[in-house]
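Down below is the structure, laid out as structure tokens.
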Amino acid sequence: MASGKELCEGVEWRIRVVDGSSEVLVPPTGLARKVWLRTKGLISGLGMKVRMFLKQAWDMGASDPRKVIHCIKVGLALTIVSLVYFMRPLYDGVGGNAMWAIMTVVVVFEPTVGATLYKCLNRVCATCLAGFLAVGVHWIASQSGDRFEPFVVGASIFILASIATFSRFIPSVKSMFDYGAMIFILTFSIVAISGYRVDKLFDLAHQRISTIIIGTSFCILVIMLVCPIWSGQELHSLTVRNMDKLSDSLDGCVRQYFTNSNGEDDQKLQGYKCVLSSKASEESMANFARWEPSHGRFNFRHPWKQYLKIGASMRSCAYCIEALNSCINSENQAAESIKKHLSTSCLKVSSSSSSAIKELAESVKKMNKSPTIELLVEEMNSALEELHNDLKSLSHLLNPSTTAENQISATGLVPFMEIIPVVTLASILIEISVRIEALVGSVEELVKESEMKDKIVAKEEKPEGTMKALQR
């Protein structure tokens with residue numbers, strides 16, 4: 001039974017348990033205590049979230065220190081450019097438009113040298129071109145009188161903005177000057193419209209162009225002098241890593257299927273997925289690498305487009321590995337006797353193919369032709385011949401008179417269904433080997449073009465060195 005007693009400061013509840021002699025009281029919980037408990041819970045929950053966020057940020061920075069370096073470089077560039085605003089002589093030269101230099105740093109600064117150069121050069125060229133055209137349009141419009149001036153300005157904006165927008169759909173322009181076309185539209189529209197209300201339009205255009213050049217110049221200096229990250233080097237390393245992952249996935253999947261081993265690293269088996277998802281990264285890196293100067297082993301005219309062909313060849317192999325993985329994980333599995341019959345030849349094909357891909361990765365890494373790649377391709381072809389012979393011998397396993405142990409029915413349907421999965425796997429392995437030969441051709445073409453570019457650059461630099469020697 002429960003009873004209540006009203007007090008002068010509130011209501012107190014008492015619970016009485018009737019068991020003959022005992023009484024249990026529930027202590028009162030006031031409003032202040034409830035508020036304190038809820039506030040304490042919120043503070044502890046917020047502290048836990050902040051701790052988890054800091055831990056994730058620390059782990060991300062520790063796994064890739066280049067991200068931390070990029071943040072430091074952005075802060076350094078902004079600090080240097082901000083001096084333009086603080087120093088009185090520079091401020092008097094560019095006026096209140098000094099903020100455009102800071103905005104330029106925020107917009108164009110990218111993690112890699114190629115991406116930053118791409119945005120900086122596009123922004124400077126587009127701003128200069130748009131500024132000069134806007135000043136010219138303003139002069140023509142001012143000569144036409146107050147009545148027709150708005151129509152001249154509006155018509156020029158319509159025509160030039162439409163042409164610049166259409167140029168962004170052209171593949172060659174989009175890959176190299178898409179950002180510049182966008183900046184051209186923005187700058188021309190702003191300057192042309194401002195000229196209708198601003199008297200000193202030339203000074204306005206001059207100040208904005210000057211501040212943008214200042215901002216981009218500091219960005220280029222910082223990105224190239226402080227721990228530079230080159231798009232070309234990133235593309236080169238990505239290609240080598242993808243080849244290694246492709247090799248591990250191919251060899252691991254076939255070995256797991258025929259040996260029934262579950263000890264394979266799942267991350268290695270799924271490495272081919274990284275190859276499938278790297279197309280956009282390869283295209284952007286190759287595009288940005290063309291803007292970079294000579295660095296390391298890579299000259300200014302290094303054949304970056306050839307990396308895209310290598311990436312396409314690797315993806316064609318990765319698609320086959322994905323089909324191979326689906327076949328391995330299928331519910332319809334082949335009989336153990338049939339798997340045993342083809343296991344040796346299939347493992348040889350996968351092992352030789354994997355070795356060929358690894359050798360290609362070393363060839364790309366060292367940028368020279370491998371002396372053993374032809375031998376590895378011959379071994380792969382020899383393993384393919386053995387696999388073809390084993391597939392032809394499967395007809396004996398389908399003959400009921402010679403394989404009584406299989407207890408094949410008169411229709412022969414059961415053994416045919418049992419043989420389909422392993423034959424499918426073998427056909428995929430054959431297709432992968434054919435595509436690996438195409439990958440070999442792409443890598444050899446890269447090495448050949450790279451050597452040719454190096455010779456051309458050496459010949460161009462040789463006369464200069466000879467002249468300097470004669471002058472000495």
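Condition check: of a type outside the set (A, V, I, L, M) and modelled with pLDDT of 90 or more. Does S237 satisfy that?
Taking the combined requirement at face value, the residue satisfies it.
In this structure, does L308 turn out to be open to solvent by 50 Å² or more (accessible area, probe 1.4 Å), closer than 20 Å to I357 by Cβ and out of contact with any Lys or Arg (no Cβ under 6 Å at 6 or more places or on another chain)?
yes
Name, by its number, the condition in (1) under 18 Å from A192 (Cβ atoms); (2) in a helix (DSSP H, G or I) that does not hold for A115.
A115 satisfies all of (1) under 18 Å from A192 (Cβ atoms); (2) in a helix (DSSP H, G or I) except (1).
List pairs: first in the stretch 234-255 and touching a residue at least 24 places away in the same chain (Cβ under 8 Å) and not assigned by the TED database to the domain that holds V275, second surrounded by fewer than 22 Cβ atoms within 10 Å (Cβ to Cβ) and not in a helix (DSSP H, G or I), Cβ under 6 Å, 6+ apart or cross-chain?
none
Of a type in the set (A, V, I, L, M), in a helix (DSSP H, G or I) and either open to solvent by 60 Å² or more (accessible area, probe 1.4 Å) or not assigned by the TED database to the domain that holds F218 (or both): does that describe L121?
yes
So, of the residues in the stretch 367-385 that are more than 31 Å from the chain's Cα centre (by Cα) and in a loop (DSSP other than H, G, I, E, B), which turns out to be surrounded by the most Cβ atoms within 10 Å (Cβ to Cβ)?
T372
From the residues in the stretch 96-118 that are among the hydroxyl-bearing types (S, T, Y) and more than 26 Å from L160 (Cα to Cα), which one is surrounded by the most Cβ atoms within 10 Å (Cβ to Cβ)?
Out of the qualifying residues, it is T116.
Among what's in the stretch 146-170 and is open to solvent by 70 Å² or more (accessible area, probe 1.4 Å) and of a type in the set (V, I, T), pick the residue that is nearest to A134 (Cα to Cα).
Ranking the qualifying residues of the stretch 146-170, first place goes to I159.
Name the residues in the stretch 301-359 that are closer than 21 Å to E378 by Cα, of a type in the set (V, I, T) and more than 27 Å from the chain's Cα centre (by Cα), would you?
T344, V349
Tell me, which helices (runs of 4 or more DSSP H) wholly within the stretch 246-306 include 2 or more residues that are within 21 Å of V440 (Cβ to Cβ)?
Qualifying helices (runs of 4 or more DSSP H): 272-276, 279-289.
Got at least one residue in the stretch 92-105 being out of contact with any Phe, Trp or Tyr (no Cβ under 6 Å at 6 or more places or on another chain), free of Cβ contacts under 8 Å to residues at least 12 places away in the same chain and either basic (K, R) or not in a helix (DSSP H, G or I) (or both)?
Looking through the stretch 92-105, none of the residues is out of contact with any Phe, Trp or Tyr (no Cβ under 6 Å at 6 or more places or on another chain), free of Cβ contacts under 8 Å to residues at least 12 places away in the same chain and either basic (K, R) or not in a helix (DSSP H, G or I) (or both).
The values are calculated or read from the model by the stated rules, or taken from the named source; none is laboratory data. Keep in mind the model is a prediction, meaning the values are calculated, not measured. Backbone-built Cβ (ideal geometry, glycine too); neighbour counts: all protein chains shown. These accessible areas exclude ligands, DNA and RNA; they are computed on the full protein's heavy atoms, side chains included. Shrake-Rupley method; radii C 1.70, N 1.55, O 1.52, S 1.80 Å.
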